[in-house]
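Structure, as structure tokens:
The values are calculated or read from the model by the stated rules, or taken from the named source; none is laboratory data. Please read these numbers as outputs of a predicted model, since none were measured by experiment. No Cβ is skipped: glycine too gets one built from the backbone with ideal geometry, and neighbour counts run over all protein chains shown. Heads up: the accessible areas ignore ligands, DNA and RNA and are worked out on the full protein's heavy atoms, side chains in. Shrake-Rupley method; radii C 1.70, N 1.55, O 1.52, S 1.80 Å.
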Amino acid sequence: MLNIGCHLSCSNGYLAMGRQAVKLGANTFQFFTRNPRGGSVKPFDRADAEALNVFMKEQAFAPILAHAPYTLNAAAADARVREFAYRTMREDLERLAYIPNAMLNFHPGSHVKQGTDVGVRLIADMLDEVYTSELPTTVLLETMAGKGSEVGRRFEELRAIMDASKTGDRLGVCLDTCHVYDGGYDIVDHLDDVLAEFDRVIGLDRLKAIHLNDSKNPMASHKDRHEKIGQGSIGLDATVRIINHPQLKRLPFYLETPNELDGYAAEIALLRNLIRQP
Ligand code: FE
Ligand code: FE
Ligand code: ZN
């Protein structure tokens, strides 16, 4: 069975997202922990989180994915930006401790002219400070497209964060299909080679989630523009190979395609129909 969901808005709370996911034919979902471009957050509703936990158990949900705000940048040169990253990551992890089925994904950060090595060190420092051992959530580093000074385009950069942080053993990776293709990894014509490279550098056991998106731009464009499934440069055939790949097919897939809810429901139905039965 394909574990698939899409990005949902948290504006009506946690349980509402679970119910919405089921309506769309999904058995998981992704949501922003807070305003993605600002960072403001609603008070935590523990009863609502517990209601979602019960609902997800009843519905046999695959792990859900919380996404940190885009403004979280521990690699920033500005100390106030770094301080926001520390506080936000800590608060989000404290909340997610009440939702055991959730993982937390974040964009590693942008080094803003300080260089990748400094960026890696700053990201690792943040994780060492806030991702303490009593926090149960698995934190995922997202593979990036390499826009601007983003850290995490190359698998080696994610490996470097894991190696630099005391929390490295607890970190996983979320592979974004648009980002890796845009970043220069040819998952269309050489998927097996890319996965072998991932395994060599990071280890496929660390791969915990897939952001399933098509891309508006050709390979290695470094632009990060998502497209609807089958309508971009990755295309439907390559997407079908990805969701059926023996090393990927059991992972949770999250759509971040430019869609309203009906478009997501259609993509979920399409992809469920394209799973090859063993
Ligand atoms: Fe992301
Ligand atoms: Fe993504
Ligand atoms: Zn993206």
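Please identify the pairs in which a residue from segment 221-237 that is within 14 Å of L270 (Cβ to Cβ) has its Cβ atom under 6 Å from the Cβ atom of a residue that is within 11 Å of ligand 3 (Cβ to nearest atom) and assigned to a loop (DSSP other than H, G, I, E, B), counting only partners at least 6 apart or on another chain. Taking only residues 6 or more apart or on different chains, the pairs are K228/T257; I229/T257. If you check R241, R206 for being in contact (Cβ under 8 Å) with a residue 24 or more places away in the chain, more than 16 Å from ligand 1 (Cβ to nearest atom), open to solvent by less than 60 Å² (accessible area, probe 1.4 Å) and among the charged types (D, E, K, R), only one passes: R206.
Tell me, yes or no, whether segment 29-45 has at least one residue that is buried (at least 22 other Cβ atoms within 10 Å of the Cβ), assigned to a loop (DSSP other than H, G, I, E, B) and in contact with a Phe, Trp or Tyr (Cβ under 8 Å, 6 or more places away or on another chain). Looking for residues that are buried (at least 22 other Cβ atoms within 10 Å of the Cβ), assigned to a loop (DSSP other than H, G, I, E, B) and in contact with a Phe, Trp or Tyr (Cβ under 8 Å, 6 or more places away or on another chain), one finds at least one in segment 29-45, hence yes. Identify all residues within segment 53-97 that are under 18 Å from the mean Cα position of the chain (by Cα), among the hydroxyl-bearing types (S, T, Y) and open to solvent by 10 Å² or more (accessible area, probe 1.4 Å); write none if there are none. The answer is Y70, T71. Scanning segment 23-43 turns up at least one residue that is basic (K, R) and touching a residue at least 60 places away in the same chain (Cβ under 8 Å). Against the definition (at pLDDT 95 or above and open to solvent by 60 Å² or more (accessible area, probe 1.4 Å)), how does H211 come out, yes or no? When the stated conditions are applied, H211 does not pass them.
I'd like to know if segment 138-145 contains one or more residues that are part of a loop (DSSP other than H, G, I, E, B), of a type outside the set (A, V, I, L, M), farther than 25 Å from P63 by Cα and open to solvent by 10 Å² or more (accessible area, probe 1.4 Å). Checked against the condition, which is being part of a loop (DSSP other than H, G, I, E, B), of a type outside the set (A, V, I, L, M), farther than 25 Å from P63 by Cα and open to solvent by 10 Å² or more (accessible area, probe 1.4 Å), segment 138-145 yields no hits at all.
Among the residues of segment 98-120, those identified as at positive phi and open to solvent by less than 40 Å² (accessible area, probe 1.4 Å) are G109, G115. The set of residues in segment 146-174 being within 14 Å of ligand 2 (Cβ to nearest atom) and either open to solvent by 10 Å² or more (accessible area, probe 1.4 Å) or modelled with pLDDT under 95 (or both) consists of G146, K147, E150, R153.
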